[in-house]
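The values are calculated or read from the model by the stated rules, or taken from the named source; none is laboratory data. Quick caveat, the model's predicted, so the values are computed rather than measured. In this analysis, Cβ positions are derived from the backbone assuming ideal geometry, glycine residues included, and neighbour counts consider all displayed protein chains.
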Amino acid sequence: MALSHPVTAQEKSEEPQNETLRKAGDIATQPARDVGAVKREVPSVLLAAAESPYASDDLANCAAIAGNIAALNAVLGDDYDVPRAEDKQDAGKMAEAGGKFVVNTILPFRGLVREVSGAAAADRRLEAAQDAGIARRGFLRGLQVARKCRRTD
């Protein structure tokens, strides 16, 4: 697993822009995913979390725990206790909702098409893996506290 590294001020200012671009790309490719032309892969770290969310075999020290948390943060985004800029987040959510609405009206009978194409099942698998990743991260945070590890993120 990747070890976490200190985030520079420049990287912090680029994170919201990168997230905005990622969301825009997700919205734009939604119709292709709905008909099964484009598939999203479940990241391997989430597959491992889904397989065994409470495994502690590879958690011999604090660095290993931090590395596992960093790998999960890379695919799940920031944990719940990381401060967020609320004003920009609210405006971004409104823009995202508007974009999704426009794109989702392109495909008639979208729900039925998603079920037939397998896109809905694929999304359910991804969401289940994300839930397992969140559970794994919570387990790792608890282990960090129990072992009195210094939090690095």
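Things worth noting here:
- Breaking point among (1) of a type in the set (Gly, Ala, Ser); (2) touching a helix residue (DSSP H, G or I) at 6+ places or on another chain (Cβ under 8 Å); (3) part of a helix (DSSP H, G or I); (4) modelled with pLDDT of 70 or more, for residue 63: (2)
- Screening the candidates 136, 114 for the property of being surrounded by 14 or more Cβ atoms within 10 Å (Cβ to Cβ), in a helix (DSSP H, G or I), basic (Lys, Arg) and modelled with pLDDT under 95 yields one hit, 114.
- Check on residue 106, modelled with pLDDT of 70 or more and either on the phi < 0 side of the Ramachandran plot or exposed (fewer than 11 other Cβ atoms within 10 Å of the Cβ) (or both): no
- Total residues in the stretch 44-55 satisfying the condition of being surrounded by 13 or more Cβ atoms within 10 Å (Cβ to Cβ) and in contact with a helix residue (DSSP H, G or I) (Cβ under 7 Å, 6 or more places away or on another chain): the figure is 6.
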